[in-house]
Structure formats: C-alpha cells, structure tokens
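The values are calculated or read from the model by the stated rules, or taken from the named source; none is laboratory data. As the structure is a computational prediction, the values presented were derived from the model and not from experiment. Cβ sites come from the backbone with ideal geometry, for glycine too, and all protein chains shown count toward neighbours.
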Amino acid sequence: MKNLIAIFLVLSFFNFSSIAQYNDNYVQAKTAKINGDEIKVVKMSRKDNHVKVKYFAAKDNGKSVYDRYRTWSANKSIIAYSSGTYMDLCGGNPLLANPVGVCFDAGKLVNARIKDDMDGLIIVYATGGVVASNLKEGNLSVKESSTGKSFVLNLRNAFDFSTFKNWARDEEATVFQTHLLNYKGVLAVGTNGSSNARERRFLAVCKDEDGSIIHLLINLAGNNTLYNATTKVSDYLKTYEDMDNIIYLINLDTGCQDVFQAFDENGNYKSGFSGQMSINSAANLLVYYYE
C-alpha cells in the first residue's frame, strides 16, 4: 500500500451537473478526512481544453484585482477562485500591495525581483494553460508562438532574464513565483520549511492514467506545518486520486489573503468551499473557468 501516513478517508462527492454550467466529466468537488483534518478538493480535467485558468497578478491602472475580476467574469462560467502568491503590506490595502517575487500580468512587468527562497515559477498563458518550472534547475523552456523558436533560460542570468521579459511581453504571459513543494513526484520542501502550523491551500497538477492533465485545488483545514501538509497532500494524491504522476504541487497564500471560493452547477457559492476572507481582500487571484 502506497500510503505512508495512515490516512483515513471519508469521501462525499458533489458533481457539477452536465446540463448546467459545467460538465461533470471535467469538474468534480469532494470532501475528505485526512488524519482528522478536513480536506476540500476541486478536481478539474484539462482534457478537451474546457477548463481554463486566468490569473490576476496585481492591480492595474488603479483598478483593484476584485474590480478587474468582476468585469472580466461577467460572461464567464466560474468554477473556483483562490488567492495566489504572497503579497507585501500584509493585512494592508490590496490596492497598495504588490506580489512578492518576479511577476508579469498579461505581458506587463509588475515585479522584476526574483525571490531566492521561492523556487516555483508559474506561467499562465493567454490561452488558459498553466505550467511550472523549478528555478533551481535554471532551465526554463519557453517558445515563441509567432516563430516557433524555443529558448532555455536561467532567469538568474541577466541576459536570459532580459530575453524572458521580451518573451512574456510578446506572448502576453502572466507569471508569478511561489513555493514549489513537489516537483516531478519528488518532495521539494524539507522539514526546515515554514514551521507555522495553520490551514494550507495548494494547487496540484498531475497526469492521470490516460495522459490527461488534472488540476486540483486543495484546501487542507487544521494546523499543519508546510512540510507535514505537503506530505499529507502528496500521499492523498497518490493513494486516493491514483495520481502517480505528480507534475508539480505549489503553495497558495492562506495568510495575508485567505481568499477561496468554489461554485456549484448553478453558479452559486458552494457551501463549505470558501476561505476566511472576502474576494475584496485579494491582491492577486487564481481563477478557474469553463468554456
């Protein structure tokens, strides 16, 4: 048995209706118990490209992330949203806060400073796809859509970073940094990670048995250090979701901006699938939607 930490699981499934906003072949929500801690999971398949991702990295021209989201989402079928990476001015006005780490928003440079202790570089494409790279490896691969030309870049090299900035601008890419916790099935966080015991939230991207890419927004209640939470969630993915191929697992902010909400098949707030803060508090926002 793959489970190493004696996980006791009770699942109750809530499938989104195939005749409503979502097709339940692509979107599911579930509640589980892991060693007494409640876990909420929104599981989404990227097969057939119905499920897409949008990231609002920061305010823009004085318009808050919430206002930007409200305008953009008017004609969208929203599956769920969550706060993304960390912000400065913790607890302050989200209009004044900026994302921590290197950041671009739809090709616009927001923060040029790479944060050395966060190895996860996340790229959200204008087409709705999302990928992650390990900055420690220094081998980020990107491609120009207009020419097909590929680059392998080390963003800690000044010349490579300049090339990357030009690429992000031309591709209208959105980029942010966060803690990379599991990469290619290997834990990337040690016992010396954050020792604060608190609720945790993650984005896991995996590949299932038929090769489809699966995204899972995972909200873990209870009090867990970053290492303990990562271990529990990694084991949950392998043992109960049959996700032997974990592409990456990243941390989402539940401190300065604990924003999270999933929606039911009618577009209403899904009971129990929410964070502690209103979306008004979001200084950045990761959004999943269905087309």
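Which count do you get for residues in the range 132-150 that are within 20 Å of residue 106 (Cβ to Cβ) and touching a residue at least 12 places away in the same chain (Cβ under 8 Å)?
Going through the range 132-150 one residue at a time, the tally reaches 7.
What are the residues in the range 184-198 that are assigned to a strand (DSSP E or B) and either over 16 Å from residue 250 (Cβ atoms) or modelled with pLDDT of 95 or more (or both), if any?
Answer for the range 184-198, where residues must be assigned to a strand (DSSP E or B) and either over 16 Å from residue 250 (Cβ atoms) or modelled with pLDDT of 95 or more (or both): just 198.
If residue 75 satisfies all but one of (1) surrounded by 24 or more Cβ atoms within 10 Å (Cβ to Cβ); (2) within 23 Å of residue 43 (Cα to Cα), what's the number of the condition it fails?
(1) is the only condition that residue 75 fails.
Please pick out the residue among 41, 100, 65 that is touching a Pro at 6+ places or on another chain (Cβ under 7 Å) and surrounded by 18 or more Cβ atoms within 10 Å (Cβ to Cβ). First the steps, then the outcome.
Numbers: 41 fails: touching a Pro at 6+ places or on another chain (Cβ under 7 Å); 100 fails: touching a Pro at 6+ places or on another chain (Cβ under 7 Å).
Checking each option against the conditions leaves just 65.
Looking at the range 157-164, can you tell me whether even one residue there is within 26 Å of residue 52 (Cα to Cα), in contact (Cβ under 8 Å) with a residue 24 or more places away in the chain and surrounded by 21 or more Cβ atoms within 10 Å (Cβ to Cβ)?
Of the residues in the range 157-164, the ones within 26 Å of residue 52 (Cα to Cα) are 164.
Narrowing further to those that are in contact (Cβ under 8 Å) with a residue 24 or more places away in the chain: 164.
In the following step, the residues that additionally are surrounded by 21 or more Cβ atoms within 10 Å (Cβ to Cβ) were identified as 164.
Within the range 157-164, one or more residues are within 26 Å of residue 52 (Cα to Cα), in contact (Cβ under 8 Å) with a residue 24 or more places away in the chain and surrounded by 21 or more Cβ atoms within 10 Å (Cβ to Cβ).
From the residues in the range 103-136 that are among the charged types (D, E, K, R) and in contact with a strand residue (DSSP E or B) (Cβ under 8 Å, 6 or more places away or on another chain), which one is surrounded by the most Cβ atoms within 10 Å (Cβ to Cβ)?
For the range 103-136, the residue satisfying everything is 105.
Given (1) more than 29 Å from residue 167 (Cα to Cα); (2) among the small types (Gly, Ala, Ser); (3) in contact with a Ser or Thr (Cβ under 8 Å, 6 or more places away or on another chain), identify the lone condition not met by residue 83.
Failed condition: (1).
Say we look at the range 124-140 and pick out the residues that are out of contact with any Lys or Arg (no Cβ under 7 Å at 6 or more places or on another chain) and over 16 Å from residue 177 (Cα atoms); which of these is modelled with the highest pLDDT?
Ranking the qualifying residues of the range 124-140, first place goes to 129.
If you check residue 219 against the conditions, is it touching a His at 6+ places or on another chain (Cβ under 8 Å), in contact (Cβ under 8 Å) with a residue 40 or more places away in the chain and not in a helix (DSSP H, G or I)?
Working: touching a His at 6+ places or on another chain (Cβ under 8 Å): no; in contact (Cβ under 8 Å) with a residue 40 or more places away in the chain: yes; not in a helix (DSSP H, G or I): yes.
So residue 219 fails the test.
Can you confirm whether the range 157-178 contains a residue that is farther than 22 Å from residue 289 by Cβ and assigned to a strand (DSSP E or B)?
yes
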